[in-house]
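Just below is one structure, and these are the notes that go with it.
The values are calculated or read from the model by the stated rules, or taken from the named source; none is laboratory data. Worth saying up front: this structure is predicted, and the values here are computed from it rather than measured. Please note: Cβ atoms are built from the backbone with ideal geometry, for glycine as well, and neighbour counts cover all protein chains shown.
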């Protein structure tokens, strides 16, 4: 597209006073931002639709599939189904044009939808129009009604009642006049009855169909004539009827609405019924494709164009600027010439209306038929539990097949990952989870018998699991899904925070509590400390056998095994030793607590066994998921964003550990980001891949909508479904295989955790060596700030320090909030808001987790993975502390030591980290205020509000300046550009010079024009690109804009 030509046409068009609407709609247009781009780049201010458009949209796209499946379950007619689908699209489109509607005070920004052709009588038309109007519930909706006599009567009544109407299928100036007068009568009624002015109408005059019909008649007359002059005269009339009749109609429009006739209504705020040119694509290939758009570019009218006509008009359109009076005179002369032939224009208009109604009916029936066929097909399809979008994984699947990955996996071939002796030994002793469904099926009765013993004795009402990481997270997932009232009320305690421990203790009767000490090794400091505390509490109650309140789950001959025997625990479950904790969900570690809290563990193992069998026999879902994650990670999309239903939110904790601890090593890793919501696509950097997991019978339409938007923006997406919560067993097994596949492609050992121990060793130093301390870099408002790899001045407020962290963002950066506080509703809201703030401000992935839980989960990734993380460790003085029997430290000291130990471990690994240690016991109130201040900087959600806070460096003295702004307006963030030439637009405060850099290349000067700065970007290569703008100031300072990413197709 010639940019200068486009700018000229845009300038010429802006002077005409016409509005452009798009005569097209589809869910894909909405999801992939095609419609948004039309609004922003091609000045499109409204939209029209019809059954043909919807039939093409629904039949050619899979974006409607989930809606069809969901709505078809309601046992409704195909007509009702069609309207529900159309209404979904119309609502979304109306929302996109709402800004136009508001900015023009209701004079523009409308979307149209048609009533069904079966509504022939006035009453039926009104009934349908009111139903659709109420169902869509958008002020900028317009109902399309055919311009029959009944239709004109219906329009008058609807406008009286405040319904916006698009009178369609107008061909005759006389019929147009009838419709216009009916509208004026309705406005007069509203004025007399003191009704509001918030009603609007358009009269849609169908253009090209007139030429198609009249030209055919002229050719027929031509073939019947024997006179040369008559033949020449007839041929001279071709291609003039539509524009001429349109101009005559336009002259009537001006007389009716832009003269004294309508003036008194306009003065009170009532709007004229605008003339809209419809059917403006040329049907005759010998006519210029923008012929009707060029000829009917008239003031105070609307032209609704098909997509191709719109693009063509702004590429090579040429607006007719001949004097209007002269053109109308010529139009009347044409009518006089037509009258000299045997053609009867009144008959032509009647035939056109009749033909239009027939075509409308046929298109509507075709739409219903197409929808019926698609619905039946979709309902007959076997449920697909996994769908992949925007990524070809076939080469990865082929490689796995060629190396016999699954066969070698089940034969425990360690050389799939490593070839050295040390790793091979670790791997061979880590693959027992592959057979665990079969192993545990033999132990189900043992667990169930134990559950009956505990419940039958009526002694226990509560259960507290003492464990960390893989020993606790699967149990927490199962608790969140299956806990039943008649079983033990269960708490998973994986913290050393004294407030958290105290909260659990407050909720239980310790005498009626069964404690599960769950630890693979038995040496983990957190559950050992918890055991010492609760055991000592029971002893104080003078229990003769406090060990009766404890059971253990551990490996054979561990320190926990010995401790349980020494203290005479009620039961010891010895787990198979050949698996890591994060792979033990389907072992005793998951199944024993699951049974005690009410889960049907027979069903869990049955589903897991069935899936294991299917995987051995060629089922591909685990292979597909593993290939998907690996393919993205190897192409710099390493932020695995997993969207879960709220009910499955705790499943995210287990996935976090599995992914992070398995892949985060050797400077590599996949960063798991767990959420229950999908934000606007502009909130995500291009380093994201998405897995969307939903339960089949409880699919969220909002999540489906947002997922389709991600797909439309070309993010790699996996849609996954489970049929019921018990299929979590299948998910455990599926993800374990998938992560093994990721390890293969990343060339790492996914079964070790080499960097976990470092924090443990430093923590011991803090606990055992009184002089082992470090000094804070900054002290503010009773908060000590410790820095690693960050340079931040100490004369700032805490929110300014956090703001400076945003400027550390680079390609692939992610933020991790590590909070050593109690997990409760108030703290959860603060951490969630903090993470959302970081993402909204930077588009970077932001996660939050509780310490010390994350040390046994994502901690391996943080220390052993890539240097892309910025870690924010939060601690706060506890409101109360708890001493640990036999130790010279309390839980508060242990918790703070773990936080400090991890900070030092990150520092030793040269990671960017900040630790904020609040020395007051007011974490909630203090951090609520901090987050609120940070959110205030983003309150208007605009770059203009953010940019004054962006760093401006003085070349002479490197001082910070905080005034002025520079913003890249176009292209939009993550926009797809289809041209090889594009003009970048930059907005900036007062300046004499702006430069642009593409992909960190040389700086190029931009030119200033009409209030903006412009840079002509030529010979663009396909792929992803980054754009930065730089604004210079007179005092030697400059301001760098936010990076703007875009894709060139």
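Pick out the one residue from 396, 389 that is touching a strand residue (DSSP E or B) at 6+ places or on another chain (Cβ under 6 Å) and either free of Cβ contacts under 8 Å to residues at least 60 places away in the same chain or surrounded by 13 or more Cβ atoms within 10 Å (Cβ to Cβ) (or both).
Just a single option satisfies the conditions, and that option is 389.
Restricting segment 117-137 to residues that are part of a loop (DSSP other than H, G, I, E, B) and surrounded by fewer than 20 Cβ atoms within 10 Å (Cβ to Cβ), which is modelled with the lowest pLDDT?
137
Given the conditions (1) touching a helix residue (DSSP H, G or I) at 6+ places or on another chain (Cβ under 9 Å); (2) surrounded by fewer than 22 Cβ atoms within 10 Å (Cβ to Cβ); (3) closer than 9 Å to residue 788 by Cβ, and given that residue 910 satisfies all but one, which numbered condition is not satisfied?
(1)
Of 576, 527, 498, which residue is surrounded by fewer than 19 Cβ atoms within 10 Å (Cβ to Cβ), at pLDDT 95 or above and assigned by TED's automatic domain parsing to the domain that holds residue 453?
576
Return yes when residue 331 is more than 37 Å from the chain's Cα centre (by Cα), without any contact (Cβ under 8 Å) to a residue 24 or more places away in the chain and crowded, with 17+ Cβ neighbours inside 10 Å and no when it is not.
no
If you check 309, 282, which single one turns out to be farther than 30 Å from residue 196 by Cα, touching a residue at least 24 places away in the same chain (Cβ under 8 Å) and part of a loop (DSSP other than H, G, I, E, B)?
Within the list 309, 282, the selection yields 282.
If residue 383 passes every condition in (1) modelled with pLDDT under 90; (2) part of a helix (DSSP H, G or I); (3) closer than 28 Å to residue 591 by Cβ but one, which one does it miss?
Of (1) modelled with pLDDT under 90; (2) part of a helix (DSSP H, G or I); (3) closer than 28 Å to residue 591 by Cβ, only one is false for residue 383: (2).
Restrict the check to segment 1002-1017 and report whether at least one residue is within 30 Å of the chain's Cα centre (by Cα) and buried (at least 18 other Cβ atoms within 10 Å of the Cβ).
Yes, there is a match, as at least one residue in segment 1002-1017 is within 30 Å of the chain's Cα centre (by Cα) and buried (at least 18 other Cβ atoms within 10 Å of the Cβ).
Conditions tested, residue by residue: (1) buried (at least 20 other Cβ atoms within 10 Å of the Cβ); (2) outside the structural domain of residue 860 (by TED's automatic domain parsing); (3) over 25 Å from residue 637 (Cα atoms).
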residue: 707; (1), (2), (3): yes, yes, no
residue: 710; (1), (2), (3): yes, yes, no
residue: 717; (1), (2), (3): yes, yes, no
residue: 721; (1), (2), (3): no, yes, no
residue: 728; (1), (2), (3): yes, yes, yes
residue: 775; (1), (2), (3): no, no, yes
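Would you say residue 588 is buried (at least 17 other Cβ atoms within 10 Å of the Cβ) and under 24 Å from residue 895 (Cβ atoms)?
Criteria not met by residue 588.
Does residue 775 satisfy the criteria of being at negative phi and within 36 Å of the chain's Cα centre (by Cα)?
So residue 775 does not fit the description; no.
Looking only at segment 33-64, which residues are more than 17 Å from residue 93 (Cα to Cα) and modelled with pLDDT under 80?
Residue satisfying the conditions is 62 alone.
May I ask you to say which residue of 1031, 1024 is surrounded by fewer than 19 Cβ atoms within 10 Å (Cβ to Cβ) and part of a strand (DSSP E or B)?
1024
Considering only helices (runs of 4 or more DSSP H) fully contained in segment 396-471, which possess at least 3 residues that are in contact with a helix residue (DSSP H, G or I) (Cβ under 9 Å, 6 or more places away or on another chain), under 18 Å from residue 733 (Cα atoms) and at pLDDT 95 or above?
Result: 405-410, 436-441.
Among the residues of segment 509-545, which ones are in contact (Cβ under 8 Å) with a residue 12 or more places away in the chain and within 17 Å of residue 497 (Cβ to Cβ)?
524, 525, 526, 527, 529, 530, 531, 532, 533, 534
Taking segment 888-897 as the search range and keeping residues that are part of a helix (DSSP H, G or I) and in contact with a strand residue (DSSP E or B) (Cβ under 7 Å, 6 or more places away or on another chain), which one is nearest to residue 876 (Cα to Cα)?
The selected residue is 896.
Quick one: how many residues across segment 744-756 are in a loop (DSSP other than H, G, I, E, B), modelled with pLDDT of 95 or more and crowded, with 18+ Cβ neighbours inside 10 Å?
Adding up the residues that qualify gives 5.
Any residue at all in segment 757-769 that is in a loop (DSSP other than H, G, I, E, B) and either closer than 30 Å to residue 68 by Cβ or outside the structural domain of residue 63 (by TED's automatic domain parsing) (or both)?
yes
Assess whether residue 67 counts as being assigned to a loop (DSSP other than H, G, I, E, B), modelled with pLDDT under 90 and surrounded by 15 or more Cβ atoms within 10 Å (Cβ to Cβ).
No: the conditions fail for residue 67.
Would you confirm, using the coordinates I've provided, whether residue 589 is assigned by TED's automatic domain parsing to the domain that holds residue 489 and closer than 22 Å to residue 691 by Cβ?
no
Among the residues of segment 185-201, is there at least one that is over 22 Å from residue 263 (Cα atoms), within 43 Å of the chain's Cα centre (by Cα) and either crowded, with 18+ Cβ neighbours inside 10 Å or in contact (Cβ under 8 Å) with a residue 24 or more places away in the chain (or both)?
Checked against the condition, which is being over 22 Å from residue 263 (Cα atoms), within 43 Å of the chain's Cα centre (by Cα) and either crowded, with 18+ Cβ neighbours inside 10 Å or in contact (Cβ under 8 Å) with a residue 24 or more places away in the chain (or both), segment 185-201 yields no hits at all.
Picking from 157, 220, which residue would you name as being over 30 Å from residue 93 (Cα atoms) and either part of a helix (DSSP H, G or I) or assigned by TED's automatic domain parsing to the domain that holds residue 86 (or both)?
That would be 220, the only listed residue that is over 30 Å from residue 93 (Cα atoms) and either part of a helix (DSSP H, G or I) or assigned by TED's automatic domain parsing to the domain that holds residue 86 (or both).
Kindly indicate which of 95, 89 is touching a residue at least 60 places away in the same chain (Cβ under 8 Å) and either at negative phi or part of a helix (DSSP H, G or I) (or both).
Testing whether each residue is touching a residue at least 60 places away in the same chain (Cβ under 8 Å) and either at negative phi or part of a helix (DSSP H, G or I) (or both) leaves just 89.
For residue 231, indicate whether it is over 20 Å from residue 171 (Cα atoms), in the same structural domain as residue 108 (by TED's automatic domain parsing) and surrounded by fewer than 17 Cβ atoms within 10 Å (Cβ to Cβ).
So residue 231 does not fit the description; no.
Go through 3, 30 for me and flag whichever is at pLDDT below 90, in contact with a helix residue (DSSP H, G or I) (Cβ under 7 Å, 6 or more places away or on another chain) and over 17 Å from residue 290 (Cβ atoms).
30
May I ask you to say which residue of 120, 141 is in contact with a helix residue (DSSP H, G or I) (Cβ under 8 Å, 6 or more places away or on another chain) and touching a residue at least 40 places away in the same chain (Cβ under 8 Å)?
141
For a quick check of your reading: which helices (runs of 4 or more DSSP H) sit entirely within segment 507-606 and have at least 3 residues that are over 22 Å from residue 447 (Cβ atoms) and within 45 Å of the chain's Cα centre (by Cα)?
Answer list for segment 507-606: 525-540.
Would you mention how many residues in segment 141-155 are touching a strand residue (DSSP E or B) at 6+ places or on another chain (Cβ under 9 Å) and under 12 Å from residue 125 (Cα atoms)?
Residues meeting the conditions: 10.
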